[in-house]
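Here is the structure we will look at.
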Amino acid sequence: MHDMSTHAVPHGAPTSFIRKHVFSLDHKVIGKQYYALALVAAVVGMFLSWLMRLHLGWGNLAIPGLHLLSSSGAPGDVMTPEYYLQLMTMHGTIMVFFVLTTAPFAAFGNFFLPIQTGAEDMPFPHFNMMSFWVTFVAFVVMVAGFFVGDGPSLGGWTQYAPLSAIGAAGGPGEGMGVVLWATSIGIFCIGQLLGSLNFITTTLDMRCKGMSLMRLPLTAWAWFITSIMGLTAFAVLMPACILLILDHVAGTSFFVASNLVIGDHVLPHSGGSTLLWQHLFWFFGHPEVYIAIVPGMGIVSHVLVTNMRRPMLSHRVLIYSMGALAVLSYMVYGHHMFVSGMNPVSAIAFSFPTLVITIPSTIIVLIWLGSLYGAKLRINSASLFALGFVSMFISGGVSGFFLAQPSLDIMLHATYFVVGHFHLVMGVAAMFGIFAGTYFWFPKMTGRMMNETLGKAHFILSFIGTYCIFMPFHYLGMAGNVRRYQAFTDDYLIPLIPVHRFITVAALVTGFAQLIFVYNLIYSRFKGPMAPNDNPWEGTSLEWSTATPPPHNNFGDKMPVVYHDPYQYSVEGASSDYVMQTSQEKLTNPHEEK
């Protein structure tokens with residue numbers, strides 16, 4: 001068994017404002033910094049999606065003030081086709097990297113992983129501080145793309161070559177904007193690698209006395225598994241970004257083939273492979289889907305157990321299933337390339353593991369549903385968003401069966417069907433996990449409670465709104481509506497314009513509903529009611545055994561000793577409804593983790 005005191009790297013409590021709130025070594029402050037960055041990024045990404053949706057609904061609409069964002073991209077406040085693609089690229093990139101990766105993993109994980117393992121801090125606090133500030137610099141570099149001459153990149157969040165590699169010769173958004181995009185993502189990878197090293201070491205070497213691996217909460221396991229995925233996936237994307245930059249500034253030809261003609265001119269490139277980028281990107285890209293969703297699975301499981309007042313049907317099987325998702329995620333990336341001219345035999349080889357990976361996902365869902373069956377669930381904002389996560393994950397996941405079949409995917413791949421699929425299963429589900437974690441852990445992070453009425457209103461509007469937005473995407477895809485089109489002039493697309501306008505209205509309403517959350521978050525931080533005690537949800541894991549908010553070294557003068565498995569709820573013969581991991585109470589019939 002591990003004794004954390006033999007591994008901790010002590011650092012004193014900060015004495016200056018800069019050291020406490022800016023360049024902090026405290027994992028809890030760094031977690032809050034990550035959360036604040038993700039919140040800003042989410043607002044930016046949501047605003048860009050509003051602009052895109054307004055243009056899709058009413059193509060010639062003059063959006064007041066849009067020329068201030070880009071005079072060349074919106075002359076007369078009317079969006080050009082190129083500028084629409086630039087906004088789409090920035091929306092997707094900011095949301096995937098700086099929101100869905102940053103908030104559930106880096107923000108909540110930084111704050112709570114050391115506490116849930118019984119550690120004083122991360123093992124490498126300076127690396128931890130660097131990981132945030134490197135990520136912050138990456139965000140600034142990404143947003144800087146709006147302020148260069150030809151604007152940000154227009155290659156989509158996937159940046160397919162050769163479009164992303166030919167430079168300014170290809171047109172607006174293909175020069176400096178791409179270089180900034182690749183630089184930003186390369187820097188972001190460094191931050192994630194530093195964070196993953198800390199998370200893995202914390203989980204393996206910083207556990208307190210009595211805390212075996214199987215006594216870790218499901219959230220800690222989710223962050224641990226995610227950090228392993230991040231360590232391998234981002235290590236592939238970073239050199240890919242470096243190669244892309246070299247194609248722009250050093251005259252190399254990694255991703256540009258020979259004899260490529262642009263504007264009647266043969267580009268001075270030779271020997272490159274346009275598919276090499278896809279292989280490198282998607283080897284990262286599909287694990288990235290699970291880097292975004294697995295932390296949400298852990299958070300949702302943690303929230304549901306606490307509000308069900310009984311453990312999951314199988315703690316171990318949930319852990320093994322999340323681990324299986326991590327392993328299989330590297331074996332399925334080829335299904336993103338079915339339309340790239342892939343050999344049909346290779347397509348079948350990638351199709352099979354794509355179907356197999358649905359098995360651990362289905363097991364996780366069945367454990368959730370089976371555990372909920374007959375439970376007297378406490379209804380609050382956190383548990384509602386956890387249920388919403390389950391719903392979105394199921395709804396978005398079902399459409400994945402269609403995309404796993406090469407014969408069907410070839411027809412659907414370039415349509416809105418795929419956009420609806422990954423927004424539900426990856427985007428909205430992960431966001432609901434973030435919201436569930438926020439409402440659940442806000443008292444521990446701040447010492448105050450969020451407004452439950454506003455929280456439930458936020459859930460209802462978000463739940464209905466997201467289904468109104470993304471379910472019609474599937475219908476658009478089956479009707480042949482090609483993704484990334486900025487105007488619908490073809491005869492078969494004109495009848496679909498009313499559907500796009502309905503989606504736009506739903507997106508605006510749902511977006512404004514998120515302002516309820518932002519107001520609730522900021523108001524509650526400063527004027528919300530104080531948490532009634534250190535354990536307002538009557539939880540059992542270690543974060544609820546320390547003060548609210550936790551002190552600098554997390555547990556004060558006495559470090560915790562763990563005596564029980566997590567999630568000892570409704571134990572027969574126990575003195576109360578729940579038994580905390582640090583309780584020395586002898587249980588005659590404890591819930592063994594099976």
So residue 452 and residue 242, fully extended at 0.36 nm per residue minus their Cα-Cα distance, gain in nm 70.9 nm
Hey, what D do you get for the chain in µm²/s if you plug the Kirkwood alpha-carbon radius into Stokes-Einstein at 37 °C and 0.692 mPa s?
132 µm²/s
Note down the nm distance, to one decimal, between modelled labels 7 Å out along Cα→Cβ at residue 586 and at residue 201.
4.1 nm
At 7 Å along the Cα-to-beta-carbon direction for both residue 523 and residue 235, put a label point, then send me their distance in nm to one decimal.
4.8 nm
Out of 181, 395, 567, whose Cα points farthest toward the positive end of the dipole of the chain (charges: +1 Lys, Arg; -1 Asp, Glu; placed on Cβ)?
567
To the nearest Å, what is the center-to-center distance of region 21-61 and region 280-319, using C-alpha atoms only?
23 Å
Overall dimensions of region 28-257 as given by Cα atoms, namely Rg and Dmax in Å:
19.8, 67
On the protein heavy atoms, probe 1.4 angstrom, tell me the percent of accessible surface of region 538-594 carried by carbon and sulfur.
48 percent
Sites residue 20 and residue 497 - FRET efficiency at Förster radius 45 Å, r taken between beta-carbons, to 0.05:
0.25
List every DSSP H helix in the chain whose Cα atoms extend 30 Å or more along the helix's own long axis and whose mean Kyte-Doolittle hydropathy is at least 1.0.
176-205, 218-249, 381-403, 497-527
Cut-off 18 Å, label 7 Å out along Cα→Cβ of residue 358, residues of region 271-290 by amide N:
290
So if each residue of separation counts as 0.36 nm, and I subtract the Cα-Cα distance between residue 345 and residue 250, what length gain in nm does that give?
30.5 nm
Quick check for me: using +1 on Lys/Arg Cβ and -1 on Asp/Glu Cβ, what's the dipole size of the chain about its Cα centre, in debye to the nearest 20?
1060 debye
In this structure, the FRET efficiency calculated for residue 530 and residue 209 from their beta-carbon separation, with R0 = 30 Å, to the nearest 0.05, is 0.40
Residue-normalised accessible area of the chain, expressed per residue, 1.4 Å probe, Å²
38 Å²
By the mean-Cβ-within-10 Å protection proxy, highest first, 110-121, 502-513 rank as 110-121, 502-513
Would you mind listing how long region 257-390 runs along its three principal axes, going by Cα atoms, in whole Å with the largest first?
69, 32, 18
Using 0.36 nm per residue of separation minus the Cα-Cα distance, give me the extension gain between residue 160 and residue 373 in nm, one decimal.
72.2 nm
With labels modelled as points extended 7 Å from the Cα through the Cβ direction, what inter-label distance (nm, one decimal) is found for residue 489 paired with residue 264?
2.3 nm
With a ≥ b ≥ c taken as the square roots of the eigenvalues of the C-alpha gyration tensor of region 418-463, please select rounded if a/c is under 1.5 and otherwise prolate if a/b is larger than b/c or oblate if it is not?
oblate
Under 20 Å from a point 7 Å along the Cα-to-Cβ line of residue 515: which residues of region 462-501 have their amide N that close?
462-466, 469
Determine the calculated [θ] at 222 nm for the chain from helices alone, applying -39500 (n - 2.57) to every DSSP H run no shorter than 4 residues and normalising by the residue count; nearest 500 deg cm²/dmol.
-19000 deg cm²/dmol
Dimensions of region 290-531 along principal axes (Cα, Å, largest first)?
59, 44, 29
Across all Cα atoms of region 346-392, Rg and the largest Cα-Cα distance (Dmax), in Å, are 15.3, 48
Can you tell me the FRET efficiency between residue 275 and residue 561 if r is taken as the Cβ-Cβ distance and R0 is 60 Å, rounded to the nearest 0.05?
0.65
Principal semi-axes in Å for region 1-139 [√(5λ), Cα gyration tensor, largest first]:
42, 15, 10
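The values are calculated or read from the model by the stated rules, or taken from the named source; none is laboratory data. These figures come from a predicted structure and were not determined experimentally. FYI the Cβ positions are ideal-geometry reconstructions off the backbone, even for glycines, and counts take in every protein chain you see. In case anyone asks, the SASA skips ligands and DNA or RNA and just uses the protein heavy atoms, side chains included. Shrake-Rupley method; radii C 1.70, N 1.55, O 1.52, S 1.80 Å.
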